[in-house]
Amino acid sequence: MNKSTIELLGRLHECHPVKVLFVCLGNICRSPAAEGVLKDIVAQHHDEANWIIDSAGTGDYHIGDLPDHRMRVHARQRGLELNHHCRQVKEYDFQKFDIIIGMDESNMVNLRRLAPMPEDEKKVMAMSQFFSDTSRYDYVPDPYYEGAEGFELVLNLLQEACLNLYNKISSK
Ligand code: 4NP
């Protein structure tokens, strides 16, 4: 975990509830899955009052759509129903959310460009910051042009990262 992530997590002390936005490119595969995975962990801990969780995309290709059918099927096999409707990330999200988590480096670059104030860039961090130290990955790969393995890999990475995120933030 890098220094700016540790500082960002430290600032969440004053945030009740903690407001988390997950961001990817299309908002139909990775980020709505991250939203569903973290909401499920929060529900298992009966901790809904302490969290606001949403997702959005940097692109505008799928606005209004449910998550990609393949992602919904793979998530359902793990007991997760993904019902988010795609939306594009906007400047006002930097006011609304305490922490904005990108799935890959391109998401992070686009988010930093969108940040209305230099201070707001400090809310942006990478999902990989919550991967285990032994992970072979340093980003959440885009599964859109991949087969079933790509969707399973994304869900494995997100389930590990969201559990680490939940434990780190809720023990703050
Ligand atoms: P996501 O995947 O960023 O994980 O939602 C993608 C979904 C759609 C497209 C690209 C990536 N697309 O080009 O339409």
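Rounded, prolate or oblate: which one fits the chain, using the alpha carbon gyration tensor with axes a ≥ b ≥ c (rounded when a/c is under 1.5, else prolate when a/b beats b/c, else oblate)? Because its axes are fairly even, with a/c under 1.5, the chain counts as rounded. Between Gln159, Gln44, Gln129, the GNM of the chain built on Cα springs shorter than 10 angstrom shows Gln44 fluctuating the most. In terms of its C-alpha gyration tensor, the stretch 18-115 comes out oblate, because a/c is 1.5 or above while a/b does not outweigh b/c. Sequence-ordered 3J(HN,Hα) estimates for the stretch 120-133 from the Karplus curve with 6.51, -1.76 and 1.60 and θ = phi - 60° stand at 5, 4, 5, 7, 8, 9, 9, 4, 4, 4, 9, 6, 5, 4 Hz, glycine and proline given as x. Scalar couplings 3J(HN,Hα) for the stretch 64-78, obtained by applying the Karplus form with A = 6.51, B = -1.76, C = 1.60 to θ = phi - 60°, are x, 7, 5, x, 3, 3, 5, 5, 5, 5, 5, 5, 4, 4, 9 Hz; x denotes Gly and Pro.
Rolling a 1.4 angstrom probe over the protein chains, ignoring ligands and nucleic acids, what is the accessible area of Cys15 in square angstrom, nearest 10? Accessible area of Cys15: about 20 Å². Sorting Glu152, Glu14, Glu35, Glu81 by solvent-accessible area of protein heavy atoms yields Glu14, Glu81, Glu152, Glu35, largest first, with a 1.4 Å probe.
Remark on Gln88: its backbone amide H falls under 5 Å from those of Gly57, a criterion applied only to residues 5 or more positions apart or on other chains, H modelled at 1.01 Å from N. Computed with every protein chain present, the accessible area of Glu146 is close to 100 Å² [probe 1.4 Å].
For the stretch 1-115, a simple Cβ point-charge model (Lys and Arg +1, Asp and Glu -1, everything else neutral) yields a dipole of about 180 debye relative to the Cα centre. Each residue of the stretch 25-40 was assigned a 3J(HN,Hα) from its phi angle through the Karplus curve 6.51 cos²θ - 1.76 cosθ + 1.60 (θ = phi - 60°); the sequence is 7, x, 6, 10, 10, 6, 6, x, 5, 4, 4, x, 5, 5, 4, 5 Hz, with glycine and proline shown as x.
Taking each DSSP H run with n ≥ 4 as -39500 (n - 2.57) and averaging over every residue of the chain yields -12500 deg cm²/dmol at 222 nm.
Run the numbers on the stretch 1-74 and let me know its relative contact order in percent, using alpha-carbon pairs under 8 Å that are six or more apart. Computed value for the stretch 1-74: 39 percent relative contact order. Once you've got the Cα coordinates, tell me which of Lys3/Lys96; Lys90/Lys168; Lys19/Lys122 are over 22 Å apart. Listed pairs above 22 Å: Lys3/Lys96; Lys90/Lys168.
Here's how it looks for Val18: its modeled amide H is under 5 Å from those of Trp51, Ile52, which are all 5 or more places away or on a different chain. The relative contact order of the chain, computed from alpha carbon pairs under 8 Å that lie at least 6 residues apart in sequence, is 27 percent. Averaged per residue, the chain has 50 square angstrom of accessible surface, using a 1.4 angstrom probe with ligands and nucleic acids left out.
The values are calculated or read from the model by the stated rules, or taken from the named source; none is laboratory data. Because the structure is predicted, anything quoted here is derived from the model rather than measured. No Cβ is skipped: glycine too gets one built from the backbone with ideal geometry, and neighbour counts run over all protein chains shown. Quick note on the areas: whole protein, heavy atoms, side chains included, nothing else; ligands and nucleic acids left out. Shrake-Rupley method; radii C 1.70, N 1.55, O 1.52, S 1.80 Å.
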